[in-house]
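Worksheet: one structure, shown below.
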Amino acid sequence: MSRTLISSGSPFEAQVGYSRAVVQGDWCFVAGTTGTDPETKTMPESVVDQTSNALKVIGKALEEAGFSFADVVRVTYYITDPAYWDELGKATAPVFGEIRPAASCIVTGLIKPEMKVEVEVTAFKG
């Protein structure tokens with residue numbers, strides 16, 4: 001079974017020792033992704049904008065791996081404030097509304113104070 005590593009070019013990948021995504025057989029595992037704007041490398045204030053940015057990075061990793069959002073079977077959201085749950089849908093419903101993967105949401109701290117959300121997905125194509 002082949003294993004393919006997908007990199008987004010983030011300096012954290014080499015520093016910490018991880019890949020943006022790993023494809024193993026029919027599965028694609030995308031690492032937790034925060035909301036830094038992929039173009040400007042800045043962190044927006046809004047949790048909706050952060051979530052949208054995370055989904056852009058995830059979508060690019062999925063595409064590079066030969067998958068799409070339609071293949072996502074599991075999504076996990078990590079948020080720093082329970083109030084953000086009500087806002088997430090503005091960014092996630094347009095992407096996952098018809099796909100409806102299994103989902104979990106965990107309220108936790110993230111590695112930098114400006115980070116409000118982290119998203120990770122698992123996709124399957126079999």
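What do you reckon, is V75 hydrophobic (A, V, I, L, M, F, W, C), under 11 Å from the mean Cα position of the chain (by Cα), more than 30 Å from M1 (Cβ to Cβ) and modelled with pLDDT of 95 or more?
Against the criterion (hydrophobic (A, V, I, L, M, F, W, C), under 11 Å from the mean Cα position of the chain (by Cα), more than 30 Å from M1 (Cβ to Cβ) and modelled with pLDDT of 95 or more), V75 does not qualify.
The residue of segment 74-100 that is least open to solvent (accessible area, probe 1.4 Å), among those that are farther than 12 Å from Q50 by Cα, in contact with a strand residue (DSSP E or B) (Cβ under 9 Å, 6 or more places away or on another chain) and of a type in the set (A, V, I, L, M), is V75. With respect to the stated conditions, V57 is of a type outside the set (G, A, S), open to solvent by 20 Å² or more (accessible area, probe 1.4 Å) and touching a Pro at 6+ places or on another chain (Cβ under 7 Å). V22 meets the conditions (1) in a helix (DSSP H, G or I); (2) β-branched (V, I, T); (3) under 15 Å from the mean Cα position of the chain (by Cα) in every case but one. The failed one is (1). Scanning segment 101-122 for residues that are touching a Lys or Arg at 6+ places or on another chain (Cβ under 8 Å) and under 19 Å from K56 (Cα atoms), we see that the one that is surrounded by the fewest Cβ atoms within 10 Å (Cβ to Cβ) is A103.
Test A14 against the stated conditions and say whether it is open to solvent by 20 Å² or more (accessible area, probe 1.4 Å), among the hydrophobic types (A, V, I, L, M, F, W, C) and either closer than 21 Å to P94 by Cα or out of contact with any strand residue (DSSP E or B) (no Cβ under 7 Å at 6 or more places or on another chain) (or both). So A14 fits the description; yes. Listed conditions (1) outside any strand (DSSP E or B); (2) over 21 Å from S8 (Cα atoms) are all met by G59, apart from (2). Within the option set V47, V23, V30, being farther than 20 Å from S104 by Cα, open to solvent by less than 50 Å² (accessible area, probe 1.4 Å) and β-branched (V, I, T) holds for one residue only, V23. Cβ-Cβ distances below 7 Å connect the following pairs, each with a first residue in segment 17-30 that is within 15 Å of S68 (Cβ to Cβ), a second residue that is hydroxyl-bearing (S, T, Y) and at pLDDT below 95, and a separation of six or more residues or different chains: V23/T4. Mind checking whether some residue in segment 67-79 is in contact (Cβ under 8 Å) with a residue 24 or more places away in the chain, of a type in the set (G, A, S) and at positive phi? The answer is no, given that none of the residues of segment 67-79 is in contact (Cβ under 8 Å) with a residue 24 or more places away in the chain, of a type in the set (G, A, S) and at positive phi.
The values are calculated or read from the model by the stated rules, or taken from the named source; none is laboratory data. Nothing here was measured: the structure is a model prediction, and the numbers come from that model. All Cβ positions, even for glycine, are placed from backbone atoms using ideal geometry, and neighbour counts span all protein chains on display. Accessible surface is based on the protein model in full, side chains and every heavy atom, while ligands, DNA and RNA are left aside. Shrake-Rupley method; radii C 1.70, N 1.55, O 1.52, S 1.80 Å.
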